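Derivation of every value follows stated rules applied to the coordinates shown; laboratory data play no part. Keep in mind it's a predicted model, so treat the numbers as computed, not measured. Cβ placement follows ideal geometry from the backbone for every residue including glycine, while neighbour counts extend to all protein chains displayed.
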Amino acid sequence: MPEKSNIATLKPLPRHVAIIMDGNGRWAKQRLMPRVMGHRQGAKTVKEIVTVSRELKIRYLTLYAFSKENWSRPFDEVSSLMSLLYEYLQKELEELMDKRIRLRAIGEIEALPDKVYSLLVETMERTALNREMDLILALSYGGRSEITEAARRFAEECLMGRMKPEDINEASFRTFLQTGDIPDPDLIIRTSGEQRLSNFLLFQAAYSELYITSTFWPDFNRQEFMKALNDYRCRERRFGMTGEQILLRCTSSES
Ligand code: FPP
């Protein structure tokens, strides 16, 4: 909870929240259940956190649902995760349309099983004009490959004579990333206590605030989410500047 003296200076809610959903397996193990039960409960948490984000008017929510490295998990677990994703897309379309939520994906989605891939593309198409919120699923996603692929495409543009090496700067390079038109995450939440990014949004996370909770993803609920958001709102984001510069910038933009 924010301290009383901080309340008057609370920052606005983050525009973009990204979440590393971790701890499904451990949640299940604690209950002597198969890992898939943890993922199933995790899918329910996805639904709750999307609902709360929409209520709070968080404009972008990115969820790390399946990393490139996750393909090396046991076949049965990968299949279960794919089935859960399929089920989620099937069940949630109506809600996404109702709440005007656009579903997007980042990652090598062509690697998904055909059936899941088709439904994902169809859901993205059907929700494409929704403008209240973007729900971005990171699927078969890896930050390093996203960056390398962007570099490869940039080089290709140069070879074709459409761009020159001197055109490369942070702003032009980011348009080659899959998140091209999406602002960087203001807040990255990681559940289950690990303190690393695990190849998630490596370029985009440069100035993101990090919030790590020991709560396992299946137990991460509205209250836990609000706690993370309140913690973020009490922080000062300086982007490498001094506190005084930030204050000056805030007061001059107010006048
Ligand atoms: C990490 O927990 C979680 C995943 C690899 C998958 C996340 C998937 C879901 C929450 C459900 C399906 C998603 C959607 C969008 C419907 P872990 O298995 O690595 O946990 P552990 O570290 O405790 O083993």
So for R0 = 22 Å, FRET eff. of R222-E95 from the Cβ-Cβ r, to 0.05, ends up at 0.85
Everything considered on the Cα gyration tensor (a ≥ b ≥ c; rounded for a/c under 1.5, else prolate if a/b is larger than b/c, else oblate), the range 174-220 must be described as prolate
At a threshold of 8 angstrom on Cα-Cα distance, excluding pairs fewer than six apart, so keeping six or more, what relative contact order does the range 142-233 reach in percent? 29 percent
Apply 1/(1 + (r/R0)^6) to the Cβ-Cβ distance of E156 and A206, taking R0 = 30 Å, and write down the FRET efficiency to the nearest 0.05. 0.75
Where is the GNM fluctuation largest for the chain (alpha-carbon springs, 10 angstrom cutoff): L84, L187, L103? L84
Could you check which residue among R162, R31, R40 shows the biggest mean-square fluctuation in a GNM of the chain with a 10 Å Cα cutoff? R162
Among E209, E48, E92: highest mean-square fluctuation, GNM of the chain, C-alpha pairs under 10 Å: E92
Enumerate the amide H contacts of I58 below 5 Å, restricted to partners 5 or more residues apart or on another chain; note that Pro and chain-start residues carry no placed amide H. none
With +1 on each Lys and Arg Cβ and -1 on each Asp and Glu Cβ, and nothing else charged, work out how big the dipole of the chain is about its Cα centre, in Debye to the nearest 20. 600 debye
Dipole magnitude (debye, nearest 20) for the range 78-141, charges at Cβ of Lys, Arg, Asp, Glu: 160 debye
Pop the C-beta distance of I168 and A128 into the FRET formula with R0 = 30 Å and round what comes out to the nearest 0.05. 0.50
I need to check one value: relative contact order of the chain, counting alpha carbon pairs closer than 8 Å and at least 6 residues apart, in percent. 29 percent
Can you tell me which of 125-137, 55-67 comes out highest on packing, and rank the rest after it, using the mean Cβ neighbours within 10 Å? 55-67, 125-137
Amide H to amide H, which residues 5 or more places from G142 or on other chains are under 5 Å from it, using H placed in the peptide plane? K68, E108
Stretched fully, the stretch from E87 through L32 gains (0.36 nm per residue minus C-alpha distance, one decimal, in nm) 17.4 nm
Ellipticity estimate at 222 nm from DSSP helix runs (n ≥ 4, -39,500 (n - 2.57)) divided over the chain, nearest 500: -14000 deg cm²/dmol
How many angstrom lie between the C-alpha centres of the range 13-68 and the range 157-186? 30 Å
If I take every Cα pair under 8 Å that is 6 or more residues apart in the range 81-125, average their sequence separation and divide by the length, what percent do I get for the relative contact order? 54 percent
